[in-house]
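Report on the structure given below.
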């Protein structure tokens, strides 16, 4: 005999409610409050919290909350990591570009939540490397640094941060004049790289405290802003003074192959150039919005860390970058088997500064005025 599945609300979705926590709740903290009919999901059961008086439904805990159409997340996920653009996805799925962006927005929040939860199981047993990966947004007058933190042995993608730069290099007189015109409207922060690395340094300090190594080596290239940014972080500068973290720098182009201390960074650069449509050489799919670019990068980071094989030559080995970094892959595989199903709540996650900026769309896009649109359901 088949038993019907009965949904039990895990908590109240209202952030200011005393029942908004994961774990055991008192008996009868909610009651059923009728149902409503929807064209997409049929009959949806509603509930009423007895503590805060707010009502919610089974869809409040679904990744498709407030969606008006079912879209195949797995198809978006497969194509997005294979250099597919937004228009490509819209044509293949026969939906609008806005619907594609909306589903990527939801998938990115799930990926951020999964990365944060995986980080709680990590005990770093390898050295780390960081560097700025260069691309551009909107036009070549607005290059950017995607500052990434990678494991030396596992090539695990630990963290990232973003900053917009001012165009540099050889320019004609007309180009310099146009850059001066753009500077009057939206000149990038002169210390953007330093501030971005300082935010990344807080993540490095957090990882070092959970590390099993007595001394953790941190590698980077010889960018002048990097030492200033590391010492600007109080937590990391304290660890450097105690000798628990040693910063070493060298040129990433010094020698090819694994003998280079920046091999893991060069490897990640190649992966991004190969798999992300916005970073392919001489691409016409230039990112128009910084927050949307970071959403796609979060989804790609989840794929790189926990699904992609450690080496493409041995796809059936079961070894991933996450398993080599020390993640609990048994628990992680169970979570990945139900990916893009449940709605994550920011109030229940240990978000770092970089993840919080991506989640709440706090990064500015050049030549875009006003705040980024953040759906109401993403604020919970």
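Quick note: the coordinates plus some simple rules give every number you see, no bench work behind them. Keep in mind it's a predicted model, so treat the numbers as computed, not measured. All Cβ positions, glycine included, derive from the backbone under ideal geometry; neighbour counts span all protein chains shown.
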Rounded to the nearest Å, the spacing of the alpha-carbon centers of the stretch 46-77 and the stretch 153-179 is 39 Å
In terms of the alpha carbon gyration tensor, root eigenvalues a ≥ b ≥ c, rounded if a/c is under 1.5 and otherwise prolate when a/b exceeds b/c or oblate, the stretch 247-343 is oblate
Which of 222, 295, 127 fluctuates most in a GNM of the chain (C-alpha springs under 10 Å)? That residue is 222
One can check that the equivalent ellipsoid of the stretch 327-379, built from the alpha-carbon gyration tensor with semi-axes equal to the square roots of five times its eigenvalues, has lengths in Å, largest first, of 29, 13, 11
Residue 335 and residue 377 label points (each 7 Å along its Cα→Cβ direction) are spaced in nm at 2.2 nm
Answer check: the stretch 92-202, Cα atoms, Kirkwood Rh, Rg/Rh ratio of 1.08
Heads up, the stretch 1-61 by the C-alpha gyration tensor (a ≥ b ≥ c square roots of eigenvalues; a/c under 1.5 rounded, else a/b over b/c prolate, else oblate) looks oblate
Nearest 10, in degrees from 0 to 90: the angle of helix 263-275 to the longest Cα principal axis of the chain is 60 degrees
Taking a ≥ b ≥ c as the square roots of the eigenvalues of the Cα gyration tensor, with a/c under 1.5 meaning rounded and otherwise prolate when a/b exceeds b/c and oblate if not, the chain is prolate
Taking r as the C-beta separation of residue 28 and residue 97 and R0 as 41 Å, the FRET efficiency to the nearest 0.05 is 0.35
In whole angstrom, the spacing between the Cα centers of the stretch 204-247 and the stretch 313-363 equals 24 Å
With Cα coordinates, the longest principal axis of the chain makes an angle with the long axis of helix 290-306, in degrees rounded to 10, of 80 degrees
Measuring from the longest principal axis of the C-alpha atoms of the chain, the long axis of helix 173-186 (C-alpha) lies at a number of degrees, nearest 10, equal to 40 degrees
Of all DSSP beta bridges with both partners in the chain, the antiparallel percent, nearest 5, is 80 percent
Simple SL model, points at 7 angstrom along Cα→Cβ for residue 281 and residue 311; separation in nm is 2.5 nm
extent check for the stretch 179-310: Cα max minus min per principal axis, descending, whole Å, gives 47, 44, 29
